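Everything below concerns the one structure shown next.
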Amino acid sequence: MSSDMTYSLDTIRQRVRDGLLEAATHVEDALVDTLERALATERHESLALSSASGIPGGQERDRLDASIQALEMILENIKISHATRLPLCQDTGMVVGWIAVGPECQLSMHAIENAVNAGISEAVLLGYFRNSIVDDPLFNRINTNTNLPAVLHWTTSPTGGLSIALMLKGFGSENCGGVAMLSPTAGEDGVVGAIASIVRKAGGKPCPPIILGIGLGGTMEQAAWLSKKALYRPVGQPHPQAPYAQLERKILSRVQEERIGAGGFGGTVTALAVAVEHFPTHIAGLPVAVSISCWADRKALLQFGGACAI
Amino acid sequence: MQYKLELPFKRETTAGLRVYDRLELSGPVLVARDQAHQRLSALLSAGKELPVALAGQTIYYMGPSATPPGRAIGACGPTTSARMDDFTPAFMDCGLLATIGKGPRSKEVAQAIIKNQCVYLVAFGGCGALYATRVVSQKIVAFPELGPEAVLWLMVKDFPVIVGMDCLGGSIFA
């Protein structure tokens, strides 16, 4: 997260623009490392299969080899995007923003929103993004040709200035998210099972290997909100609370058993990371929400003034 | 198996492809996605002529990002094929030979592939920049008002795909 101690509406606009331009053509280093590890894992599995039987491994071998090719293509695509500045993916997404305002911030929400929208508009033009937003979900669906509006969530922070977290949310993966309203006694197994079921239904559609944002607790919409917030966490960074960090590992391991694999071709790496966020809830419920990101997890985390958590 | 193939396909070619075959395609492909499918389908149902003949062609499910100056196209990776499932069998009955997209497809599409000796090809999801380097030219065919959802002709060169479903009922998503 880059910081900026003196900032104006103009710097907010510029940094939103530059952050999105960077996000469209780069993924974080930790994600590239995770993809490279996934490729090494699949190559190892494929090799182990050959040496175990001494004969070609039939469909299992085909699945692994196709998944290997998918991961090789993804890594090559990342290099081409860096070199050419062409977007990683033609679906440059709907912009989802998380804006946290701390006590040091003297700007009005309205002015901040205008600056963020102006930054988005500039990035869309300069980065040759696709115009992917229509003005009405049901009737006519006329393209706004600006990629606005963005989906912006506002929170307050007890300390610091202003944080703006942005993601370019592609809809191949967004269409595969889901919510399960579990019984309060469903427990850890119920939660893990509900998530696995949403991932199974998604199959190869969301451009696996995927990243999972999980929201637990609150109400239905709060859980969905948390699941999206979870996706802002740097890839692979565990939850600070041990039981939740352990739950994240358990979900990741359970999801790999689905054998969806890169490209949906059936390899052993279905997900790259899992991040869980939680909130108190009602005695009668246990809401679980899942937001899925494709491997192209594109985000920008901008800090203005003192540190301020989203 | 790995093949370098020239488009448009012949039916004996699509009939001979098998799941997991790796192809590099060169030649013309039609681009159409959600709204274009709905419109083409409505024209078909009404018995009207389509703006482009589907017989023998390949449809790529894609909506490109904007084209930067000096390039043939912007990022242009595949979109999720399942959203086109309701429209595809009728298009295959009109002679469409192949579709290119990402992710699994419905039973109805699997049956249409068997019935018409077609093939479903899977492109690598999210690899928009890579695919941009495999497109030589683009031209709008129909529905320009749909912007990124317009129907296009693309000339592709060494365009990498894997056979996802074949006319023997094979599927890599099974």
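Quick note: the coordinates plus some simple rules give every number you see, no bench work behind them. For clarity, every value in this text was computed on a predicted model and none was experimentally measured. Neighbour counts run over all protein chains shown; Cβ positions are idealised from the backbone, glycine included.
In table form, for the structure just shown:
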{"quantity": "Inter-label distance for residue A:33 and residue B:145, nm, one decimal - labels placed 7 Å from Cα along Cα-to-Cβ", "calculated": "5.2"}
{"quantity": "Amide proton proximity set for residue B:56, modelled H, under 5 Å, gap of 5+", "calculated": "B:96, B:97"}
{"quantity": "Test item: B:72-85 mean partner chain Cβ contacts at 10 Å", "calculated": "5"}
{"quantity": "Alpha carbon Rg of the range A:27-128, scaled by the compact-globule rule 2.2 N^0.38 Å", "calculated": "1.69"}
{"quantity": "The range A:10-38-the range A:54-101 distance, computed between alpha-carbon centres (Å)", "calculated": "15"}
{"quantity": "Full-stretch length increase - residue A:219, residue A:50 - with 0.36 nm per residue and alpha-carbon distance subtracted", "calculated": "55.9 nm"}
{"quantity": "GNM flexibility winner over chain A from A:262, A:196, A:289 (Cα, springs under 10 Å)", "calculated": "A:196"}
{"quantity": "The protein assembly as shown, helix-only ellipticity at 222 nm - DSSP H runs n ≥ 4, -39,500 (n - 2.57), divided by all residues, nearest 500", "calculated": "-11500 deg cm²/dmol"}
{"quantity": "Cα Rg, Dmax (largest Cα-Cα span) when computed across the range A:157-310, Å", "calculated": "15.3, 47"}
{"quantity": "Cleavage-rule hits, GluC sites (Glu not before Pro), the range A:212-310, DSSP coil, Cβ neighbours within 10 Å at most 14", "calculated": "A:257"}
{"quantity": "Three semi-axes of the equivalent ellipsoid, the range A:87-146, Cα gyration tensor, whole Å, largest first", "calculated": "26, 15, 10"}
{"quantity": "DSSP bridge orientation in chain A - percent antiparallel, rounded to nearest 5", "calculated": "60"}
{"quantity": "Percent of beta bridges antiparallel (DSSP, the range A:172-293, rounded to nearest 5)", "calculated": "55"}
{"quantity": "Prolate/oblate/rounded call for the range A:268-310, Cα gyration tensor, a/c under 1.5 rounded", "calculated": "oblate"}
{"quantity": "Separation of the residue B:43 and residue A:307 label points, Cα + 7 Å toward Cβ, nm", "calculated": "5.9"}
{"quantity": "Dimensionless Rg/Rh of chain B - Kirkwood Rh, Rg from C-alpha atoms", "calculated": "0.93"}
{"quantity": "Where labels lie 7 Å past Cα in the beta-carbon direction, separation of residue B:94 and residue A:85 in nm", "calculated": "4.0"}
{"quantity": "Cross-link reach list, lysines versus residue B:157, counting only Cα pairs under 16 Å and skipping chain neighbours closer than eight places", "calculated": "B:4, B:139"}
{"quantity": "Where the Cα pairs of chain A fall when distances are cut into 10 Å bins, in %", "calculated": "6, 25, 32, 25, 9, 2, 0"}
{"quantity": "Which listed pairs, of B:10/B:102; B:10/B:107; A:229/B:107, have C-alpha distances above 30 Å, in listed order", "calculated": "A:229/B:107"}
